[in-house]
Amino acid sequence: IQTDQPIQKRIKWIRFNIQNNLPFWNIHVALSYTALKLKPKTYLEVGVRIGGSMVQVLNSCTPDSVTAVDIWSGEYASLPNNIEFTQEQINKFLLANKRKLNIEYIHGNSHDVLKQLIHENRKYELITIDGDHTLEGAEEDLEDAIKLLTDSGVIIFDDITHPSHKYLLDLTIKFAQIHNLKVILNTHQDNGCAIFLRGINIWDFLKEPMEEEKKMLKIAEEVSRGDDLTQISGESEFSKALTNLIIQQKPKKLVETGTYLGKGTT
């Protein structure tokens with residue numbers, strides 16, 4: 001999509017840290033990771049602007065429904081800040097990736113829109129709050145968001161250490177305590193970011209993806225150089241060591257994993 005100067009600066013940060021193997025995350029990384037991890041079927045974003053955060057989620061999962069809320073007015077960072085431009089951006093992304101999604105764009109004040117969604121008994125597995133940055137406004141959005149969150153879901157909250165909104169960090173901690181949420185904080189990179197977890201084990205959330213776990217495994221067949229691994233030579237060091245161990249210990253009970261045809265260790 002077309003990006004403005006603030007997002008371009010973040011892209012440079014991310015590329016620099018990747019190239020230098022340095023840890024870095026912000027709201028864009030948090031959204032990409034969370035969407036990839038949870039694969040949410042429902043997504044709500046408050047503070048969409050040009051769609052820079054939205055595409056992080058849509059690139060990592062395919063929700064059944066997406067709700068985009070913003071007041072969209074005027075211009076921001078030299079790019080149009082209106083609903084038509086954002087729709088063009090998202091449609092361009094979806095077309096490039098050959099995707100079709102149900103996206104509901106709601107042009108309005110989040111303090112009114114979220115309460116209407118609550119009234120409609122809507123629920124979302126993933127919610128981004130990046131709208132009203134006043135203390136009272138941000139708190140109201142978070143309190144509405146928790147009512148819209150599923151029993152097992154995530155809220156991502158941006159700009160918690162922004163120089164102009166440093167009070168949002170205290171709000172973040174208070175909000176997590178009141179609602180008994182686990183929270184992952186970034187207080188030293190970009191403008192800070194918080195990930196609130198409800199009904200999700202924090203260590204399972206942070207655990208490496210399964211594909212990465214598979215890469216860490218060594219499969220014998222992959223390094224066997226063509227040897228028949230269903231049998232063990234009676235003259236091998238392994239066979240001799242195992243035979244001696246059985247003779248010496250005379251175990252009464254055995255547990256064996258990987259028996260296969262029973263022509264090897266068995």
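The values are calculated or read from the model by the stated rules, or taken from the named source; none is laboratory data. Keep in mind that what you see is a predicted model, and the values were worked out from it rather than measured. Neighbour counts run over all protein chains shown; Cβ positions are idealised from the backbone, glycine included. The area values use the complete protein model at the heavy-atom level, side chains included, leaving out ligands, DNA and RNA. Shrake-Rupley method; radii C 1.70, N 1.55, O 1.52, S 1.80 Å.
Of note:
Here is a yes/no grid of residues against (1) in contact (Cβ under 8 Å) with a residue 60 or more places away in the chain; (2) of a type outside the set (D, E, K, R):
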| residue | (1), (2) |
| --- | --- |
| 48 | no, yes |
| 65 | no, yes |
| 70 | yes, no |
| 103 | no, yes |
| 110 | yes, yes |
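- Condition broken by residue 114, with the remaining ones in (1) surrounded by 17 or more Cβ atoms within 10 Å (Cβ to Cβ); (2) within 22 Å of residue 25 (Cα to Cα) satisfied: (2)
- Any hit, segment 12-33, residues being without any contact (Cβ under 8 Å) to a residue 60 or more places away in the chain and farther than 21 Å from residue 190 by Cβ: no
- Residues being at pLDDT 95 or above, open to solvent by 80 Å² or more (accessible area, probe 1.4 Å) and assigned to a loop (DSSP other than H, G, I, E, B) are entirely absent from segment 202-216.
- Qualifying residue in segment 157-165 (condition: of a type outside the set (Val, Ile, Thr), farther than 26 Å from residue 24 by Cβ, in a loop (DSSP other than H, G, I, E, B) and open to solvent by less than 30 Å² (accessible area, probe 1.4 Å)): no
- Selected residue [touching a strand residue (DSSP E or B) at 6+ places or on another chain (Cβ under 9 Å) and open to solvent by 60 Å² or more (accessible area, probe 1.4 Å)] from 70, 64: 64
- One residue alone among 32, 73 is hydroxyl-bearing (Ser, Thr, Tyr) and at pLDDT below 95, and that residue is 73.
- Scan segment 75-108 for residues that are open to solvent by 60 Å² or more (accessible area, probe 1.4 Å), part of a loop (DSSP other than H, G, I, E, B) and under 23 Å from residue 6 (Cβ atoms) and the total you get is 1.
- Failed criterion for residue 58 (all others in (1) within 11 Å of the chain's Cα centre (by Cα); (2) within 24 Å of residue 98 (Cβ to Cβ); (3) without any contact (Cβ under 8 Å) to a residue 60 or more places away in the chain hold): (1)
- Residue match in segment 24-32 (condition: aliphatic (A, V, I, L, M), more than 18 Å from residue 193 (Cβ to Cβ) and out of contact with any Gly (no Cβ under 9 Å at 6 or more places or on another chain)): no
- Selection of segment 224-246 for residues being of a type in the set (A, V, I, L, M, F, W, C) and open to solvent by 100 Å² or more (accessible area, probe 1.4 Å) yields only 238.
- Segment 19-49, residues that are of a type in the set (S, T, N, Q), assigned to a helix (DSSP H, G or I) and surrounded by fewer than 18 Cβ atoms within 10 Å (Cβ to Cβ): 19
- Hey, residue 187 surrounded by 11 or more Cβ atoms within 10 Å (Cβ to Cβ) and at pLDDT below 90 or not: no
- Test: residue in segment 132-144 that is touching a strand residue (DSSP E or B) at 6+ places or on another chain (Cβ under 8 Å), open to solvent by less than 50 Å² (accessible area, probe 1.4 Å), assigned to a helix (DSSP H, G or I) and among the acidic types (Asp, Glu): yes
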